[in-house]
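**Student:** I'd like to ask you about the structure that follows.
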Amino acid sequence: MIRFENVSVVYEGAGAPVLRGVDLTVPEGELVLLAGPSGVGKSTLLNAVCGLVPHFTGGTLRGRVTVDGRDTRTHRPRELADVVGTVGQDPSAHFVTDTVEDELAYGMESLGIEPQVMRRRVEETLDLLGLAELRDRPIATLSGGQRQRVAIGSVLTPHPRVLVLDEPTSALDPAAAEEVLAVLQRLVHDLGTTVLMAEHRLERVVQYADRVALLPAPGAPVVVGPPAEVMAHSPVYPPVVGLARLAGWEPVPLTVRDARRRAAPLRERLADSPVPVPVPAPFSAPVAAQGSGGGVPARGPLARLLRRNPASVPDAAPLLTVERLAVRRGRVEALRAVDLRVAPGETVALMGRNGAGKSTLLGALVGMVEPAGGTVRVHGLEPHRTAPKELIRHAGLVPQEPRDLLCSDTVAAECRAADADAGAAPGSCRELVSALLPDVADATHPRDLSEGQRLALALAVVLTARPPLLLLDEPTRGLDYAAKARLAGVLRGLAAEGHGIVLATHDVELAAELAHRVVILADGEVVADGPTADVVVSSPSFAPQVAKVLAPRPWLTVAQVEAAL
Amino acid sequence: MRLRAPEARRSNALHAGAWWLWALGLAVAASRTTNPLLLGLLVAVSGYVVAARRTDAPWARAYGAFVKLGLAVLLLRLVFSVLLGSPIPGSHVLVTLPEVPLPDWARGIRLGGRVTAEQLVFALYDGARLAALLICVGAANALANPARLLKSLPGALYEAGVAGVVAMTFAPTLVADVLRLRTARRLRGRSTGGVRAVLQVGLPVLEGALERSVAVAASMDARGFGRTAPVPAAVRRLTAVLTLGGLFAVVIGVYGLLTAGGTGGEAGIGYGLPCAAAGTALALAGLRLGGRRSVRTRYRPDRWGVRAWLVAGSGLLVAALVLALDSPALHPGVVPLEAPGLPLWPALAVLPGLLPAFVAPVPGQPAAPVRVPRNPVRASEKEAVG
């Protein structure tokens, strides 16, 4: 159905080709997962299927890409619109109209499909994707998961034979991601649609794939094969595969169910060993239990830079106290009676579905949102009454889109601006950047950094003011496993130095690896607050894969198991 | 029971054009009078209909904005009248401002000087008329979905319509961008006010808008926007000839009509009218033929049903009646000052404008889950508003 023959893509001005000599055939009715670290050209490959590369993006494409027998060289994207449906990384950038129903019909209108047929297909698609309740809603009022489903629906209505999806579940909470994947599964099974999708969060999708196409490194040839075979040697792999590699299971199980059936001997072996604390609780740290995380290397330089002596920190007073906080937006109560305490050195993960109030809570902690009731105290200060210049010395937030924080056109200028903003000694920010991102040139434009590098730069900018309380909103969006591991190492180091960290995240694996405590928000209220293991192990949607495999004992991460064996 | 207006759904949605005709009818009526009581009645009629039939969509908030704009215009008119004086002769001097002496060449312009009650009342009437006009237009904006109005354009103008729709969905995201970047400034410890802040936020916002427009363009292309049907070369050429020829004829015709009053005399009218009419017909034929190139179909277009006729007709009826009932009472005098009276027949003529509040479909409850308010008084308020 999709055929790449010796395809190379070079963008103008770039030295090396993004893709080199790609040969890939996707037969009809298959779901193929495109995996690989970031920056290997996954998005380029996907956009080459619908002809946007090179017709829209520019650059030179060598070789031949055909879809359903149509060569993208001679067919412009609009002439492929009836065979290929494409949803990009950001569904919001995809919408042309303003209501759900119009959006579903838009593609069909362009193709000139009969009005009666359009009506029927819109109704079918509304049912298929569970959107019937939302049909008249303006798209701007939808949640992330709903938007993603509308975006998929809008390319489904013209009945394309190929569906191309770029990170369809990255921005979604676990439940919404399941919803979207269930829909894809149904399309492949019932309608015989061919699906090609890229995704960083392999733990969510790899079990649905018929085959995996792996781009191991930039310019490297594609490795295609059954998921279990490819995952056994892939540089990116979900935790369940990590556990399998550790335990030496062959072939590699991809689902929690398969892994559980194999895990009986491992569970027995682990039955007697005490479960090590994943991250040492603040100031009771048994250092041996730290596992193999990257916290140790990050601690040295950062501690020096931040001039913070770990021994001097433990004062019992919490960094952050939130009592009965209420926030209203118009008539809607975004937060209601929220209590939260964060001690120095403690890492707290805020979880909950899209729209549960996580970002609002973080906003209230840095004074962007005024409380309607209750109190917020950061180091004794009320954030919304504190001048921004003063507040950044006490609490720093890395927003969901780290790019918003960056306003200069080179890394060096960004660092100078950060020093000036924070009133820090010239060069402090640059030193932090060098510690977090060893090989970034001064003259690089922040836009040309990868997602992970941009996040690190934003983190350095925030840390320049040396706030003891660090807040991160959805930090792992768009990060591959390597970037995530680096981030986890850095954050662990910061916590060890006495920073209080609050991170709002959908990423259960990250929470399991980093957090001492997990707070679950639902509908603006705290529904669970406790040590990570207690909260997540019993929850079907918030439990990490290792916990599901090794339940009922609270093992959370591969690193823990590795340390115990 | 059968006559009660149904709950609004997509299938019985009132044609956006009907709302616009209704509002334009009221606006025409407003433009024909300076009687403040009558103008107030017109604004009240439009306000009542908006309150009864407005949805909670973003554009529905336009009415409040237009009311504020109208009041601002009224105020501005008064301020100008006070500062610049007025040709209205008056004997009731309220206050005398210091007059700024102006050089000879600026004769006829006055800055400061006497302020009379007559000139203020005149400015008030005049400003009220403008404000009422604006508020009527605001009512149309609040009641009609602008995207649906653009969708009713003929096929050949479809591209322009889509551009309009995309631009409209763009404005709210631009506002959201500004807010996001301002909060980001706060996170860096910078102040969010002042000219520098605006400049520093402006550039990234424009950059973001540009990036987003490229993304939307890519998405539209990938979803088949701009696909064209193969049209024989002869038809294409005929389309071009018809459209261009038609526009040319319209230009000649309008020239003839405009010069008719002056030197051209009767001859101007003689060729002007037929030329303009023929040109319009040719251009329309060209547009219709041009529509053949577009393959696109329409999903659930708004139908022009009985209710649309009633709504549009009620507005046009108001306009027609006020035009027909032209009387001195519509223009209360200011010299000498007199209290304006409410003329009975024109006032009754405005009332048909209320019809849409009874025949247009009632907007349903919002689909979004509404939390139960804890305060029972609030709940009853809400029902009254909804």
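The values are calculated or read from the model by the stated rules, or taken from the named source; none is laboratory data. Note that the coordinates shown come from a computational prediction; the quantities given were computed from them, not determined experimentally. Positions of Cβ are generated from backbone atoms using ideal geometry, with glycine treated the same way; all protein chains shown enter the neighbour counts. Ligands, DNA and RNA are stripped out before the accessible areas are found, and what is left, the full protein with its side chains, is counted by its heavy atoms. Shrake-Rupley method; radii C 1.70, N 1.55, O 1.52, S 1.80 Å.
**Student:** In the range A:133-142, what residues are open to solvent by 40 Å² or more (accessible area, probe 1.4 Å) and either in a helix (DSSP H, G or I) or more than 9 Å from chain B (Cβ to nearest Cβ) (or both)?
**Tutor:** Answer for the range A:133-142, where residues must be open to solvent by 40 Å² or more (accessible area, probe 1.4 Å) and either in a helix (DSSP H, G or I) or more than 9 Å from chain B (Cβ to nearest Cβ) (or both): A:Glu133, A:Ala140, A:Thr141.
**Student:** Something else about it: When you look at B:Gly194, is it open to solvent by 20 Å² or more (accessible area, probe 1.4 Å), more than 25 Å from the chain's Cα centre (by Cα) and not hydrophobic (A, V, I, L, M, F, W, C), yes or no?
**Tutor:** Yes; evaluated as a whole, the condition is true for this residue.
**Student:** Identify the single condition in (1) hydrophobic (A, V, I, L, M, F, W, C); (2) in the same structural domain as B:Met220 (by TED's automatic domain parsing); (3) farther than 27 Å from B:Val73 by Cα that B:Trp105 does not satisfy, given that it satisfies every other one.
**Tutor:** Result: B:Trp105 passes all but (2).
**Student:** Right, next: Those residues that are within 13 Å of chain B (Cβ to nearest Cβ) and under 17 Å from A:Thr193 (Cα atoms), I need them from the range A:26-48; list them, please.
**Tutor:** Matches in the range A:26-48: A:Leu46 only.
**Student:** Of everything in the range A:531-552, what is surrounded by 15 or more Cβ atoms within 10 Å (Cβ to Cβ) and of a type in the set (Asp, Glu)? Give them in sequence order.
**Tutor:** Once the filter is applied, which keeps residues that are surrounded by 15 or more Cβ atoms within 10 Å (Cβ to Cβ) and of a type in the set (Asp, Glu), the range A:531-552 yields nothing.
**Student:** Can you find a residue that is small (Gly, Ala, Ser), within 28 Å of the chain's Cα centre (by Cα) and within 11 Å of chain B (Cβ to nearest Cβ) anywhere in the range A:384-394?
**Tutor:** no
**Student:** To continue, here is another question. State all residues of the range A:149-166 that are part of a helix (DSSP H, G or I), open to solvent by less than 20 Å² (accessible area, probe 1.4 Å) and free of Cβ contacts under 8 Å to residues at least 60 places away in the same chain; if no residue qualifies, say none. If you could, list the steps in order and put the result at the bottom.
**Tutor:** If we filter the range A:149-166 for residues that are part of a helix (DSSP H, G or I), which is where we start, we get A:149-156.
Of the ones still in play, those that are also open to solvent by less than 20 Å² (accessible area, probe 1.4 Å) are A:150-156.
Once the filter is applied, which keeps residues that are part of a helix (DSSP H, G or I), open to solvent by less than 20 Å² (accessible area, probe 1.4 Å) and free of Cβ contacts under 8 Å to residues at least 60 places away in the same chain, the range A:149-166 yields A:Val150, A:Gly153.
**Student:** For the range A:364-383, which residues satisfy the criterion of being open to solvent by less than 50 Å² (accessible area, probe 1.4 Å) and within 14 Å of chain B (Cβ to nearest Cβ)?
**Tutor:** Within the range A:364-383, A:Ala364, A:Leu365, A:Val366, A:Gly367, A:Val369, A:Gly373, A:Val378, A:Leu381, A:Pro383 qualify.
**Student:** I've got another one for you. Given (1) touching a strand residue (DSSP E or B) at 6+ places or on another chain (Cβ under 7 Å); (2) surrounded by fewer than 24 Cβ atoms within 10 Å (Cβ to Cβ); (3) assigned to a loop (DSSP other than H, G, I, E, B), where does A:Ala528 come up short, assuming only one miss?
**Tutor:** Of the numbered conditions (1) touching a strand residue (DSSP E or B) at 6+ places or on another chain (Cβ under 7 Å); (2) surrounded by fewer than 24 Cβ atoms within 10 Å (Cβ to Cβ); (3) assigned to a loop (DSSP other than H, G, I, E, B), the odd one out for A:Ala528 is (3).
**Student:** Being within 11 Å of another protein chain (Cβ to nearest Cβ) and either buried (at least 20 other Cβ atoms within 10 Å of the Cβ) or small (Gly, Ala, Ser) (or both) is true for just one of B:Ala128, B:Ala132, B:Ala147. Which residue is that?
**Tutor:** Just one listed residue meets the conditions, B:Ala147.
**Student:** Out of everything in the range B:154-181 that is surrounded by 15 or more Cβ atoms within 10 Å (Cβ to Cβ) and more than 13 Å from chain A (Cβ to nearest Cβ), what residue ends up being farthest from B:Gly315 (Cα to Cα)?
**Tutor:** B:Ala156
**Student:** For the subset of the range B:299-343 comprising residues that are within 14 Å of chain A (Cβ to nearest Cβ) and surrounded by 15 or more Cβ atoms within 10 Å (Cβ to Cβ), which member is farthest from A:Ala81 (Cα to Cα)?
**Tutor:** Step one: of the range B:299-343, the residues within 14 Å of chain A (Cβ to nearest Cβ) are B:299-303.
Filter once more, so that each one left must be surrounded by 15 or more Cβ atoms within 10 Å (Cβ to Cβ): B:299-300, B:302.
Values: B:Tyr299: 18, B:Arg300: 22, B:Asp302: 26 Å.
Here the residue is B:Asp302.
**Student:** Another question, then. Which one is surrounded by the fewest Cβ atoms within 10 Å (Cβ to Cβ) among residues in the range A:395-411 that are within 8 Å of chain B (Cβ to nearest Cβ) and without any contact (Cβ under 8 Å) to a residue 60 or more places away in the chain?
**Tutor:** Across the range A:395-411, the extreme among qualifying residues is A:Glu401.
**Student:** Something else: Considering only the range A:412-467, state which residues are in a loop (DSSP other than H, G, I, E, B) and surrounded by 22 or more Cβ atoms within 10 Å (Cβ to Cβ).
**Tutor:** Scanning the range A:412-467 gives A:Thr464, A:Ala465, A:Pro467.
**Student:** Out of B:Leu42, B:Leu97, B:Leu26, B:Leu74, which single residue is in a strand (DSSP E or B) and open to solvent by less than 60 Å² (accessible area, probe 1.4 Å)?
**Tutor:** When all the criteria are applied, what remains is B:Leu97.
**Student:** Shifting gears a bit: Is it the case, given these coordinates, that B:Gly189 is touching a helix residue (DSSP H, G or I) at 6+ places or on another chain (Cβ under 6 Å) and more than 8 Å from chain A (Cβ to nearest Cβ)?
**Tutor:** In short, no.
**Student:** With B:Arg107, B:Arg114 as the choices, which residue is under 30 Å from B:Leu330 (Cβ atoms), out of contact with any helix residue (DSSP H, G or I) (no Cβ under 8 Å at 6 or more places or on another chain), free of Cβ contacts under 8 Å to residues at least 60 places away in the same chain and among the charged types (D, E, K, R)? Reasoning before the result, please.
**Tutor:** Details: B:Arg107 fails: under 30 Å from B:Leu330 (Cβ atoms).
Only one candidate qualifies: B:Arg114.
**Student:** Which one of these does B:Ala197 not meet: (1) more than 7 Å from chain A (Cβ to nearest Cβ); (2) over 25 Å from A:Ala424 (Cβ atoms)?
**Tutor:** Only one criterion in (1) more than 7 Å from chain A (Cβ to nearest Cβ); (2) over 25 Å from A:Ala424 (Cβ atoms) is unmet by B:Ala197, namely (2).
**Student:** Ok, one more. When the residues of the range A:334-363 are filtered to those that are within 12 Å of another protein chain (Cβ to nearest Cβ) and more than 23 Å from the chain's Cα centre (by Cα), which remaining residue is most open to solvent (accessible area, probe 1.4 Å)?
**Tutor:** So the residue we want is A:Arg336.
**Student:** Which pairs have Cβ atoms under 7 Å, sit 6 or more apart or on different chains, and link a residue in the range A:171-196 that is more than 20 Å from A:Gln89 (Cβ to Cβ) and in a helix (DSSP H, G or I) to one that is open to solvent by 40 Å² or more (accessible area, probe 1.4 Å) and at pLDDT 85 or above?
**Tutor:** A:Gln185/A:Tyr208
**Student:** So if I check each of B:Pro87, B:Pro58, which one is within 24 Å of B:Pro340 (Cα to Cα) and open to solvent by 20 Å² or more (accessible area, probe 1.4 Å)?
**Tutor:** On the way: B:Pro58 fails: within 24 Å of B:Pro340 (Cα to Cα).
The conditions single out B:Pro87.
**Student:** Could you list, in sequence order, all residues of the range B:100-119 that are hydrophobic (A, V, I, L, M, F, W, C) and part of a loop (DSSP other than H, G, I, E, B)? Even if it seems obvious, please write down each step before you answer.
**Tutor:** The first filter runs over the range B:100-119 and keeps only residues hydrophobic (A, V, I, L, M, F, W, C), leaving B:100, B:102, B:105-106, B:109, B:111, B:115, B:117.
If the condition is that a residue be hydrophobic (A, V, I, L, M, F, W, C) and part of a loop (DSSP other than H, G, I, E, B), then B:Leu102, B:Ile109 are the ones that fit.
**Student:** List the residue pairs whose Cβ atoms are under 7 Å apart, where the first residue sits in the range B:210-230 and is facing chain A (nearest Cβ under 7 Å), the second is at pLDDT below 85, and the two are 6 or more positions apart or on different chains.
**Tutor:** B:Arg212/A:Ala93; B:Arg212/B:Thr173; B:Ala215/A:Ala93; B:Val216/A:Ala93; B:Val216/B:Val166; B:Ser219/A:Ala93; B:Arg227/B:Val295
**Student:** If the requirement is being over 23 Å from A:Val212 (Cβ atoms), at pLDDT 90 or above and in contact with a helix residue (DSSP H, G or I) (Cβ under 8 Å, 6 or more places away or on another chain), which of these qualifies: A:Leu61, A:Leu33?
**Tutor:** A:Leu61
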